[in-house]
1. Is it true that B:Tyr75 is in contact with a helix residue (DSSP H, G or I) (Cβ under 9 Å, 6 or more places away or on another chain), among the hydroxyl-bearing types (Ser, Thr, Tyr) and within 11 Å of chain A (Cβ to nearest Cβ)?
2. Counting just the residues of the range B:1-57 that are buried (at least 20 other Cβ atoms within 10 Å of the Cβ) and hydroxyl-bearing (Ser, Thr, Tyr), which one comes out nearest to B:Pro118 (Cα to Cα)?
3. So for the range B:42-63 (the condition being among the aliphatic types (A, V, I, L, M), free of Cβ contacts under 8 Å to residues at least 24 places away in the same chain and closer than 30 Å to A:Leu48 by Cα), does at least one residue qualify?
4. Looking at the range A:100-117 only, could you name the residues that are more than 21 Å from A:Leu152 (Cα to Cα) and either modelled with pLDDT of 85 or more or in a helix (DSSP H, G or I) (or both)?
5. For the range A:54-72, give me each residue that is over 21 Å from the mean Cα position of the chain (by Cα) and within 11 Å of chain B (Cβ to nearest Cβ).
6. Among the residues in the range A:26-37, are any away from chain B (no Cβ under 14 Å) and surrounded by fewer than 15 Cβ atoms within 10 Å (Cβ to Cβ)?
7. Return a yes/no flag: does the range B:95-109 have any residue that is on the phi > 0 side of the Ramachandran plot, surrounded by fewer than 18 Cβ atoms within 10 Å (Cβ to Cβ) and not small (Gly, Ala, Ser).
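The values are calculated or read from the model by the stated rules, or taken from the named source; none is laboratory data. The structure displayed is predicted, hence computed values, not measured ones. Ideal geometry is used to build each Cβ from the backbone, glycine not excepted, and the neighbour counts take in all protein chains shown.
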Amino acid sequence: MSDIILRVLLAALVFPGGLFVIVLGLGLKGLERRIVARLQRRIGPPLLQPFYDLAKLMRKDGFVPELAQPGVFLLAPLIGVASMSVAMAMLPIAGVYTPAPVFGDLIVLFYLISLPALALMLAGSASSSPFGAIGFSREMALMLAYEAPILLVIAAVALHVGRGTGAVASFDLAGIVDYQRVHGPFLLEWRLVPALLAYLAFMPANLGIPPFDIPEAETELAEGPLLEYSGASLGLFKLGAAIKTLVIAALGIVLFCPNGPTGALGLLLFVVKCIVVIAGLALFRVTMGRMRIDQAVLFYLKWPVLLGGLALAAVTLRI
Amino acid sequence: MGLFGKAARKSPWIYRINAGSCNGCDVELMTTACIPRYDIERLGCQYCGSPRHADIVLVTGPITVGVKEKLLRVYAQVPDPKVVVAVGICPISGGVFRESYAIAGPLDAFVPVDVNIPGCPPRPQAIIEGLALAIEIWAARVDALA
């Protein structure tokens with residue numbers, strides 16, 4: 001019993017959650033800022049910039065606004081970091097790491113990855129700032145819109161794996177990875193191509209990347225829910241956002257292309273895949289403007305839902 | 001120099017306050033930071049939209065009577081340690097608006113100023129030099145905390 005507890009704690013706090021995800025997440029964030037700068041023909045910040053920013057913010061003064069709810073206000077940034085650390089511990093890395101079954105399956109993971117958005121909403125509403133309140137309402141509208149397609153994607157993949165293994169549906173993450181190692185990655189499975197496209201559309205909204213950075217909109221809302229934060233709690237929010245980028249990229253890799261060799265080489269390949277995803281997101285960041293919230297909600301309820309539904313229909317009907 | 005001082009030297013976030021400026025200095029500031037030629041993000045600088053995220057405060061304009069209270073309120077919201085830079089001749093002495101009935105300045109009558117960057121408007125190179133001085137002062141202040 002204590003053996004399992006130790007294993008779970010190690011997975012959540014050292015590898016691949018906790019320490020590993022913090023270092024890799026911040027490193028990838030630095031790389032992304034560098035890529036963005038190069039695409040704009042600038043030199044850009046040093047690769048370790050997010051580490052410097054975090055260390056600096058830890059030393060700064062922290063304010064709690066007079067009208068804010070101090071408990072919720074200070075707790076919200078912790079929710080983001082903690083939930084993402086556990087989410088990373090749940091994701092298998094093919095050939096390197098298989099999560100203990102006690103962590104749960106794809107459905108638990110789905111709830112975990114919507115927690116940071118909830119934390120942001122809590123922060124926005126607890127901070128007593130009108131910008132925070134607008135950010136809160138926009139985040140909520142956007143979340144309602146992008147959660148429908150991601151559910152369809154998850155259902156399509158689970159049904160496909162379930163059909164292959166003889167069950168109705170398999171939400172087991174390790175099972176999904178094993179299935180792809182035997183039958184080839186879902187990247188090449190034509191029935192799941194619409195699901196892949198829907199997942200790609202879901203990423204920028206969940207991570208707050210243009211054209212869907214509407215809740216934080218720097219130019220109109222001055223970072224919305226983060227406006228009133230300072231010092232260590234702002235640092236935790238930035239850390240949570242960096243980790244979340246890694247988790248969402250890793251979930252995409254698990255669902256569509258987890259194949260790789262065992263051992264250190266497998267870990268290296270995983271990092272390379274993450275870098276490819278991050279570079280793609282950086283391209284979005286430099287080339288896109290920002291949509292209005294009504295346009296974004298309509299977009300999500302039209303195209304990604306349609307794509308996810310197509311994948312689900314193709315998998316269910318077995319055409 | 002400690003660990004935090006080293007990190008702080010590489011991560012100064014800047015915030016602009018326009019205290020009744022004619023916008024000349026603000027245009028120069030945007031030129032300094034936003035175009036690839038003078039890219040100050042390589043020094044780790046980042047413009048922030050909120051005074052609560054800021055480390056270095058850049059003030060432009062001659063501090064008009066109307067804006068004085070607001071300036072002090074925003075200044076109080078910048079968390080310690082912080083550094084104040086007066087950009088252009090207006091916050092330093094009032095410039096061409098000196099002795100006007102509408103001016104409450106100069107800036108150092110209300111707020112401790114660390115670096116003055118004279119000019120009307122100052123050249124981008126002068127602003128970057130002033131910023132480099134401000135970063136040194138700021139890193140020393142973070143070190144003094146430890």
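1. no
2. Result: B:Ser21.
3. Checked the range B:42-63: no residue is among the aliphatic types (A, V, I, L, M), free of Cβ contacts under 8 Å to residues at least 24 places away in the same chain and closer than 30 Å to A:Leu48 by Cα.
4. A:Pro101, A:Val102, A:Phe103
5. Hits for the range A:54-72 are A:Ala55, A:Lys56, A:Leu57, A:Met58, A:Arg59, A:Lys60, A:Asp61, A:Gly62, A:Phe63, A:Val64, A:Pro65.
6. Checking the range A:26-37: not a single residue is away from chain B (no Cβ under 14 Å) and surrounded by fewer than 15 Cβ atoms within 10 Å (Cβ to Cβ).
7. yes
Conditions tested, residue by residue: (1) modelled with pLDDT of 85 or more; (2) more than 22 Å from A:Ala174 (Cα to Cα); (3) of a type outside the set (Val, Ile, Thr).
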position	(1), (2), (3)
A:Leu6	no, no, yes
A:Gly17	no, no, yes
A:Leu26	yes, yes, yes
A:Leu31	yes, yes, yes
A:Gln49	yes, yes, yes
A:Asp53	yes, yes, yes
A:Ala68	no, yes, yes
A:Val72	no, yes, no
A:Thr98	no, no, no
